[in-house]
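Reading through the structure tokens given below for one structure.
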Amino acid sequence: MPTIGFEIKRKCKVCGKVFVAKTLDSHYCSPKCGKVAWKRKKDAKDRNAKLEAIAQQVSDIREYISVKEAVAMFGVERSTLYRLIKLGRIPTINMGTRLTRIKRSEMERLFLNRSESIAEKEKPVPKTYSLEPEDCYTITEICEKYHINDSSVWAHVRKYSIPSRQIGNYVYVPKLEIDNLYKSEVE
């Protein structure tokens, strides 16, 4: 990892403690917090896989579904469903202890299917760049302006997929992207 020539203070994403980042990519104050964050991501991924498996098992013709199946199909928290049931916004049938069934058509009316809502979040917005020399920095200008070496600049250009254009001996990178990248790192 490339090191930087100035101090960056950040707030740890796990414990909330303010720390001095050793690299531009540091988000956690210690290896322990990094492991906690990794475990949280892994648990969320496993949970989503389980919910996806439950949602796949439910047939399309069933009119009433369980709370667990509703959570898996519509991506709504269990506590939210029970609160809406208690308020009377979702009609249910209680077939005994732990046998609450929800009308599927009501759930579809209130919420999007889980797969539709996930697909909407994942659509990236394409960016357009002007790679004309007047709208760009050269690598040397970036190094001088932000007091970092050229290998760090190239590492970030590759990491964040920032477009570049070579004209003669000079490589141009969009000013907007560089300013956004290094302004957020300095603050």
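The values are calculated or read from the model by the stated rules, or taken from the named source; none is laboratory data. Values in this document were obtained by computation on a predicted structure and should not be read as measured data. Cβ: placed from backbone, ideal geometry, glycine included. Neighbour counts: every protein chain shown. For accessibility, only protein heavy atoms count, side chains too; no ligands or nucleic acids. Shrake-Rupley method; radii C 1.70, N 1.55, O 1.52, S 1.80 Å.
Brief remarks follow.
- Mean projected area in nm² (Cα convex hull; one quarter of hull surface) for the chain: 15.9 nm²
- Longest site-free stretch - the chain; sites: chymotrypsin sites (Phe, Trp or Tyr not before Pro), DSSP loop, at most 16 other Cβ within 10 Å: 1-128
- Residue-level accessible surface for Glu177, protein heavy atoms, 1.4 Å, Å²: 30 Å²
- In this structure, the residue pairs whose Cα-Cα separation is over 22 Å, taken from Lys13/Lys39; Lys32/Lys159; Lys13/Lys41; Lys17/Lys145; Lys11/Lys183, are Lys32/Lys159; Lys17/Lys145.
- Segment 134-186: projected area of the alpha-carbon convex hull, averaged over directions, in nm²: 3.5 nm²
- With all protein chains modelled, accessible area of Glu63 [1.4 Å, Å²]: 100 Å²
- All C-alpha to C-alpha distances of segment 3-87, sorted into 10 Å bins beginning at zero, yield P(r) values of 15, 27, 20, 19, 13, 4, 0 percent in whole numbers.
- In this Cβ point-charge picture (+1 for Lys and Arg, -1 for Asp and Glu), the chain has a dipole of about 1500 debye about its Cα centre.
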